[in-house]
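Here's the structure, in structure tokens; my notes come after.
The values are calculated or read from the model by the stated rules, or taken from the named source; none is laboratory data. Quantities reported herein were computed from a predicted structural model and do not represent experimental measurements. Note that we place each Cβ from the backbone using ideal geometry, even for glycine, and neighbour counts take in every protein chain shown. With ligands, DNA and RNA removed, areas are computed over all heavy atoms of the protein, side chains included. Shrake-Rupley method; radii C 1.70, N 1.55, O 1.52, S 1.80 Å.
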Amino acid sequence: MFDETVAGGKIMYNFSKTEKIVGGGILAAIVIILQLLSTFGFHIGSVPISLVLIPIAIGAILYGPLMGAFLGGVFGIVVIAMILGGLDPVSMTMMQFNAICTILTCLLKGILSGLVCGLVYKAFSKINQRTIGTVIGTLLCPIINTGFYVLMVVFVFRELMEKILKVKGGKAVFTALMGLISVNVISEIVITVVFTPIVIRIIKIVMSSRKGN
């Protein structure tokens, strides 16, 4: 059962094993749905928006870094499945160029995002700075997700991207790639940092009211 205790004047929330399993399953389903919506063209104006990092960050903060890593792994598996289904031409080209590194990129960027988010929040919770931990953890989630992808592209897929982007050299690939994805990255950071704490707060209020009843 959901429980709350007081430590250092701050409320500490705990979840039972069953609640973690159920909550993780629900969040995993949301990850799958949001990734499908993102792939099939969820836009705000002309900018494609990905909301998939929000449930990953929520799981990492509420249930711990391992849950964050699990949800990030689910995200990666869905991406791989969609690449194999031909829904992402650029990533399919990367798969043909180097299948193992493409799979590792898809998996690790999501896993590391959720894991680091959870670890950062856990570290700040120990010094009773949960709000700061939430903000920094959710901020790092999209940064690591995109950053790991960009590093892999520059150092592993550089030759391929030089042909696709029609540039030469690692620096040129990095600059061209960031120019293409910068709006998406900024939108993901803003959306994740703004909405994740709000959703977590709502969940905690609902769970506290259930306990009170």
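Within this structure, Ser50 passes the test of being open to solvent by less than 20 Å² (accessible area, probe 1.4 Å), within 21 Å of Ile143 (Cβ to Cβ) and assigned to a loop (DSSP other than H, G, I, E, B).
Within the range 198-208, the set of residues being open to solvent by less than 80 Å² (accessible area, probe 1.4 Å) and under 18 Å from Cys141 (Cα atoms) comprises Val199, Ile200.
Every residue, every condition in (1) under 14 Å from Leu62 (Cα atoms); (2) at pLDDT 90 or above; (3) not charged (D, E, K, R), yes or no:
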| residue | (1), (2), (3) |
| --- | --- |
| Ser125 | yes, yes, yes |
| Thr131 | yes, yes, yes |
| Cys141 | no, yes, yes |
| Leu151 | no, yes, yes |
| Val154 | no, no, yes |
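Checking each residue in the range 198-213 for being free of Cβ contacts under 8 Å to residues at least 60 places away in the same chain and assigned to a helix (DSSP H, G or I) picks out Ile198, Arg201, Ile202, Ile205, Val206, Ser209, Gly212. Identification of helices (runs of 4 or more DSSP H) wholly contained in the range 78-197 with 2 or more residues that are surrounded by fewer than 16 Cβ atoms within 10 Å (Cβ to Cβ), free of Cβ contacts under 8 Å to residues at least 40 places away in the same chain and not charged (D, E, K, R) yields 89-97, 99-125, 130-155. Can you find, within the range 10-24, the residue that is modelled with the lowest pLDDT among those that are open to solvent by less than 70 Å² (accessible area, probe 1.4 Å) and farther than 16 Å from Val52 by Cβ? For the range 10-24, the residue satisfying everything is Met12. Within the range 128-139, the set of residues being over 15 Å from Leu51 (Cα atoms) and not charged (D, E, K, R) comprises Asn128, Gln129, Thr131, Ile132, Gly133, Thr134, Val135, Ile136, Gly137.
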